[in-house]
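Okay, so here's the structure we're looking at.
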Amino acid sequence: MKTARLTSLCLVVLVLTATPASPQAPLKIRLGVHTSTLGAADVMAIRQGYFKQEGLEVDWRRFVLGKDGRDAMIAGAIDINATAPTPFVIGLEKGLAFSAIAVNSYFCGTNHIVVLKSSDINTVGQLKGKKIGLPKGTITEHIFNTRVAPSYGLKKGEYEVANIPDAKDRMPSLVAKAIDMAVLNDPFVSIGENEGMIRSLDNFCKYDMLPFMVTATNKIIKENPEAVVAYLRGWLRGIKLLKEQPERAAAIYAEEQKEMGREVPVAVLDKALRRMRWEPEITAEMDRYLVDEVKELLATSTIKSAPDVSKGINKELLAKALGRK
C-alpha cells in the first residue's frame, strides 16, 4: 500500500512539474509622444532607459497634436497618449473607450500668442480683420475663441482662423505673412525668440491653466494594468529629472531636437522646459475643470450630449505607481 501511495504521489508531482505555468502578459505598451515640450517627460524616460528599467517595452511614435494621438487610439494603433481636455471630452462623447490616468502637465506658460518681431501689432485687440494661425479642434482654439479674443472685445467672425496643426509650420507662415499672428508653444516660442524672429504678446495663463491629460485605452487598462503602472513609474521618473535636474534634462531634450533636425542651444531649451508645470495627480480641482469643460463644449455646440467624465477617470493606476496602493 505504501508503495502504491508513493507511486501515485510521484505521478502527481511529475504532472504538476510538467504542466507549464500560465504565460504572463509581457509588459508592453504602444505610446504616443508629443513633439512639443508636452512630450518631454516621455522623452526623458525613453532616452534615459527608465521604461526599460521598469521592465516595460515601449513601441513609441511622435504626434504633433494630442488629438492626433487620440485618433490613433480610436484606430487601435496606440495604447497611451496625452491630450488636452477638449479632445478628451470630445473623445468620450464619441464613445472612445479610454480613461484619463494622470495629468501630463499644465502648459499655459508655454502657449504664447506671438507676432513677428517687426510687426506693428502689439495686442490681440489689433487682430480685427486679420488672420491668426492655430490648430483647430484643440483646447488652444477653444480657449482663444471663448476667452482670449472676447477679453479684447473681439467677436467670432471679426478675425480669421487659419488651421495650422503643426507648431513648426506656424512661424514660417508668419515670416511669409500668410498670417498676422499665431499661437505657438515651446520649444518653438523659445527658438523664435532666441533667433530674433518673433515676440510674445501674451501667454494663456490668465485665461486657462491648460492641462494636458495622460490617457490610456480601457483595453490596455483591463488586459495589462501592470504595463500601464510600469509606464507611469518610468514617466514619473522623467518628471523628477525635469524638476530636479533641469539643465541635464535640457541637454537630453537637445538630443531629441537634433534627431528631429533642429540644432537648438541647451540654454534655449532649458528656458522652454522651465515654463512647464509638472503636477501629475488628477486632483479635485481637475475633476471640476473637466465637468466645466463639458458645460462649455455644450454651450458652444462642440458636443451634442454630455458624457459622464467621472467614468472616464482612473486614479488607481497612478496611486499604484506612486506606491500608495
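Quick note: the coordinates plus some simple rules give every number you see, no bench work behind them. Source: prediction; values computed, not measured. No Cβ is skipped: glycine too gets one built from the backbone with ideal geometry, and neighbour counts run over all protein chains shown.
Numbers for the structure displayed
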read-out	value
Rounded to 10°, Cα long-axis angle of helix 2-18 versus longest principal axis of the chain	20 degrees
Amide H contacts of LYS130 (H built 1.01 Å from N, under 5 Å, at least 5 apart or other chain)	GLU160
Relative contact order %, the chain, counting alpha carbon pairs below 8 Å whose residues are six or more apart	27 percent
Chain lengthening between ALA75 and ALA319 when straightened (0.36 nm per residue, less Cα-Cα)	85.0 nm
Semi-axes of the equivalent ellipsoid for the range 110-203, Cα gyration tensor, largest first, Å	19, 14, 12
Cα centroid separation, the range 198-255 to the range 123-157 (Å)	27 Å
Shape call, the range 236-325: gyration tensor on alpha carbons, a/c limit 1.5	oblate
Calculated FRET efficiency for the pair GLU285/VAL175, C-beta based, R₀ 41 Å, to 0.05	0.55
Net charge over other residues, Cβ less than 12 angstrom from the Cβ of ILE303 (K, R count +1; D, E count -1)	0
